[in-house]
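Let me begin by presenting the structure, written as structure tokens, before commenting on it.
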Amino acid sequence: MNTHTIKNFTSEKGKAMLSYEGYIYTLERKNDVKLIFRCQNRDYKGRCHTNPTMDVIVSAPTEHCHASKPDLVPILEFKNKIKSRAAETNVYDRAVANLPRSKNAIEGWHNAFAKRVAIVHPTITKLTEKIRREQSKFEVDIAQIRQGQEPKPKKLKYRKLDERIKRLVDDYGNVDLGDYLKGLAVNMSL
Ligand SMILES: [Zn+2]
């Protein structure tokens, strides 16, 4: 039995995966006492068995007909992180539905305000003055909206960004996950 170096993942299709000693496996089948994982390369003897909780290797693979690929493990980890982050914030569904991607406009306001203050450690006096100005700016905006004026449209560069992200996200089912993530990465800063 061996408990070291087992890492659990989920495949793009939601299947259980694991990495062990630099090899990557996908769940092939399971029963009440064990799970049988098959090497991603689908070689003849590259199977390992784990306990039901996937944290102990109960039977290690006999041999592989190829070298291990430990470099792929961190990539897999990264993809899984992105996925769970996207699931948490539900950015994907929001982008598909054309809703704002962040959960509230406050995030956007915070970024804009930080830029407007433009000093990393402003003095209290300066910060107070900035906040006062910010507040009166928003009071004017609110008053105008109450008088029936249309809210300010998003800046062109953000409208363009929204359009690009919407196109990428709509195409999610048709592209390779790697290309999809690369496309999104160009348009985002985390
Ligand atoms: Zn193999």
Discussion item. For a quick check: with amide H placed at 1.01 Å from N, whose amide H comes under 5 Å from residue 58's, ignoring anything fewer than 5 positions away on the same chain?
Written reply: 49, 50, 51
Worksheet item: Past the 18 Å Cα-Cα mark, which pairs from 34/83; 13/83; 7/83; 79/182; 15/83?
Response: 34/83
Practice prompt. First measure r as the distance between the Cβ atoms of residue 98 and residue 179, then evaluate 1/(1 + (r/R0)^6) with R0 = 25 Å and state the FRET efficiency to the nearest 0.05.
Written response: 0.65
Worksheet item: Over all distinct Cα pairs, what is the inverse of the mean 1/r for region 7-69, reported as the Kirkwood hydrodynamic radius in Å?
Response: 11.5
Response to the item:
Here the gain from full extension of residue 147 to residue 163, 0.36 nm per residue of separation minus their alpha-carbon distance, amounts to 2.8 nm
Fill in: Cα-based Rg of the chain normalised by 2.2 N^0.38 Å, two decimals
1.53
Practice prompt. For every other residue with a beta carbon closer than 15 angstrom to the beta carbon of residue 43, add +1 if it is Lys or Arg and -1 if Asp or Glu, then tell me the sum.
Written response: +2
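Between residue 155 and residue 133, take the C-beta separation as r, use R0 = 25 Å, and let me know the FRET efficiency to the nearest 0.05. Present the calculation step by step, with values, prior to reporting the outcome.
Details: r = 20 Å, r/R0 = 0.78.
According to the calculation, E is roughly 0.80.
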Item to complete: Using a Förster distance of 22 angstrom, determine the FRET efficiency expected from the C-beta separation of residue 8 and residue 43, and round it to 0.05.
Response: 0.55
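A short reminder: the numbers here are calculations on the coordinates, not readings from a lab. Keep in mind that this is a model prediction, so the values were computed, not measured. When we count neighbours, we look across all protein chains shown, and the Cβ atoms used for this are built from the backbone with ideal geometry, even at glycine.
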